[in-house]
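The values are calculated or read from the model by the stated rules, or taken from the named source; none is laboratory data. Because the structure is predicted, anything quoted here is derived from the model rather than measured. Glycine also receives a Cβ, built like all others from the backbone with ideal geometry; neighbour counts cover every protein chain displayed.
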Amino acid sequence: MRPFARLLNMLFTGWTLARAGVLAPTRPDKIVRTLILLKRWGPTPASGYAISAMRDPDRPAVHDDRGTVSFRELHEETNAFARGLRELGVGEGDGIAILCRDHAGFVRSSVAASKLGAPLLLLNTSFAGPQIAEVCEREQPRVLIYDEEFIPLCAQAAAGRHTVIAWHDGPSSFTTIDDLVATGDRSNLSPPRDRGRVVILTSGTTGSPKGASRHQPRSLDPAAALFSRIPLRARQPTLIASPLFHSWGYGHFTLGLALSSTLILHRRFEPEQVLASIERHRVSALVAVPLMLQRILELGPDTIHSYDTSSLRVIAVSGSSLPGELALRVMDAFGEVLYNLYGSTEVAWASIASPRQLRAAPGTAGTPPHGTRLRLFDEQDRELRGPGRTGRIFVSNEMVMDGYTTGDGKTVLDGLFATGDVGHIDEEGRLFVSGRDDEMIVSGGENVFPREVEDLLADHPEVADVAVVGVDDHEYGQRLRAFVVLETDANLDADGVRAHVRENLARFKVPRDVLFVEELPRTATGKVVKRELDHS
């Protein structure tokens, strides 16, 4: 980066962080100590909680289903926990795997790993036992930290490894986080030489999950980029409903470090409990995935309005596609506070849609934030310019992953990384995502993206959920098959589904097959697991 551009970027970051309250006025000695901690530890979970413990020691850091822990308590407890992990043989470069639901134990584990410089592997709580064992065999963590409920699932993966129980409902015969904290030295540690990295697993909706390895942020620039587009503010309660093991939930955990946010966590998502927590804790930001918002709206206006949600300034959503109709309903219920981030495990983020953009163009993924480049390329790797042209989406920013731990290669063009999606940009510069590149089918010589049909059917008042896939067809090469979940008391039949598509889209986009199902298989973040649908 050239000197003048570097100066402009520094000014942008400083101004944005000041507006977000990160650089709030404080005592000169605390400013000096903050700068020293950032210099020594970098912008990591370790420094985030050390700084907050120094500036606001008694303010709540995490509130979960078991209670509240302050910033000072969490900082000191993770010092002791880190030393306990070191005694189990964890050093710099030795991995730690976490299989936890959303609670303070997940936070303690992440911060302790950061203090040791240990790579962190985030395991999906929806994995089956063999899948957990497969990933652990590939990634080779030294220690496995998991909730008591996952003991049977982790039996194979735990063989030959040290294990620590994070959440338990009674006395445990296993070593627990509480045991290591109770016996450990709570004094401050020295920074590791390596700040560590985080391995987040891809969703694996179409195949085995791969590990996307990402370094810790090198600066506060990425945080400033997001704060400039999503108005998160310092020292405000944030309810993270999205799973912390997912890049969206973990990303907001790390953003909360810069903001000194009080994190509100629940081990399981319950729609009405979310509303109750917003009212009780005067939550400023709710972090969720689209399916969670759908479940909240299903409570009905009477239940929703029985809770005071006026404190909400931000509903930040990502993790799967946000149908335009759902976005409008959420804003009608909660106000103009919805922000939709489009990204992936590999690229972190690509674009962000504001409430104004979602109102003007429902279904848009928005525009790239500061420091992010987004371009479209055709199948011959030629850049596509001008509105309305559909191509493969490529992105570059500071948080793009370092690589796959499986050794798979990255698809890179002109320094930008492929998201695996295709889309187009309209006349206003707004991105629209058509769907996955590998989901496009060719039916009778026409290119068809299932997502366009899914979005249309999702807006139908009698459709509760829908997924569309391509299947082989001896006459047309491929055809569409729709899996539809109906609303209660709906009268829609297969002919009605096809007629609705025919009235709104081209004839070659009408699904030949329409199957009605009770529910769709989904990941914890709401993505449909299409490999589990009937493609025969």
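Among the numbered criteria (1) buried (at least 18 other Cβ atoms within 10 Å of the Cβ); (2) farther than 15 Å from Val90 by Cβ; (3) touching a residue at least 24 places away in the same chain (Cβ under 8 Å), which one does Ile165 miss?
Condition (3) is where Ile165 drops out.
Search the range 129-158 for residues that are basic (Lys, Arg) and pair each with any residue that is surrounded by 20 or more Cβ atoms within 10 Å (Cβ to Cβ) and in a strand (DSSP E or B) when their beta-carbon atoms are under 9 Å apart and the residues are at least 6 apart or on different chains.
Every condition considered, the pairs that remain are Arg138/Gly211; Arg142/Ile96; Arg142/Ala97.
Say we look at the range 252-304 and pick out the residues that are in contact with an Asp or Glu (Cβ under 8 Å, 6 or more places away or on another chain) and among the hydroxyl-bearing types (Ser, Thr, Tyr); which of these is surrounded by the fewest Cβ atoms within 10 Å (Cβ to Cβ)?
It comes out as Thr303.
So for the range 206-219 (the condition being assigned to a helix (DSSP H, G or I), over 24 Å from Leu265 (Cβ atoms) and not aliphatic (A, V, I, L, M)), does at least one residue qualify?
Scanning the range 206-219 turns up no residue that is assigned to a helix (DSSP H, G or I), over 24 Å from Leu265 (Cβ atoms) and not aliphatic (A, V, I, L, M).
For a quick check of your reading of the model, give me the residue pairs whose first member lies in the range 101-121 and is more than 16 Å from Ile165 (Cβ to Cβ) and in contact (Cβ under 8 Å) with a residue 40 or more places away in the chain, whose second is in a helix (DSSP H, G or I) and among the hydroxyl-bearing types (Ser, Thr, Tyr), with beta-carbon atoms closer than 7 Å and at least 6 apart or on different chains.
Final answer for the pair search is Val111/Tyr49; Val111/Thr78; Lys115/Thr78; Leu120/Ser110.
I need a count of the residues in the range 420-438 that are buried (at least 21 other Cβ atoms within 10 Å of the Cβ) and touching a Leu at 6+ places or on another chain (Cβ under 9 Å).
Number satisfying all stated conditions: 4.
Which condition number in (1) in a helix (DSSP H, G or I); (2) within 24 Å of the chain's Cα centre (by Cα); (3) farther than 24 Å from Ala258 by Cα is the one that Thr125 fails?
It is condition (1) that Thr125 fails.
Within the range 373-383, can one find any residue that is farther than 26 Å from Ala212 by Cβ and without any contact (Cβ under 8 Å) to a residue 12 or more places away in the chain?
Yes, some residue in the range 373-383 is farther than 26 Å from Ala212 by Cβ and without any contact (Cβ under 8 Å) to a residue 12 or more places away in the chain.
Does the range 283-334 hold any residues that are small (Gly, Ala, Ser), touching a residue at least 40 places away in the same chain (Cβ under 8 Å) and either assigned to a strand (DSSP E or B) or closer than 21 Å to Gly251 by Cβ (or both), and which are they?
Correct list: Ser284, Ala285, Ala288, Ala316, Ser318, Gly319, Ser320, Ser321.
Can you give me the number of residues within the range 406-435 that are touching a residue at least 24 places away in the same chain (Cβ under 8 Å), under 30 Å from Arg479 (Cβ atoms) and under 22 Å from the mean Cα position of the chain (by Cα)?
The number of residues fulfilling the criteria is 10.
Counting only residues that are of a type outside the set (Gly, Ala, Ser) and under 30 Å from His370 (Cβ atoms), which one in the range 294-324 is nearest to the chain's Cα centre (by Cα)?
The extreme case among them is Val317.
Go through the range 185-241 and report how many residues are of a type in the set (Gly, Ala, Ser), farther than 27 Å from Gln357 by Cβ and at pLDDT 90 or above.
Number of matching residues: 2.
Can you name the residue in the range 176-188 that is within 30 Å of the chain's Cα centre (by Cα) and of a type outside the set (D, E, K, R) and, of all such residues, is nearest to His103 (Cα to Cα)?
Ile177
Which fully enclosed helices (runs of 4 or more DSSP H) of the range 1-96 have 3 or more residues being among the basic types (Lys, Arg) and without any contact (Cβ under 8 Å) to a residue 40 or more places away in the chain?
Counting at least 3 such residues, we get 28-41.
Only residues that are surrounded by fewer than 19 Cβ atoms within 10 Å (Cβ to Cβ) and either among the hydrophobic types (A, V, I, L, M, F, W, C) or in contact with a helix residue (DSSP H, G or I) (Cβ under 8 Å, 6 or more places away or on another chain) (or both): list them for the range 463-490, please.
Ala464, Val471, Val485, Ala490
Taking the residues in the range 55-79 that are over 25 Å from the mean Cα position of the chain (by Cα) and within 24 Å of Asp194 (Cβ to Cβ) as candidates, determine which candidate is surrounded by the fewest Cβ atoms within 10 Å (Cβ to Cβ).
Restricting to residues being over 25 Å from the mean Cα position of the chain (by Cα) and within 24 Å of Asp194 (Cβ to Cβ), the top hit is Glu76.
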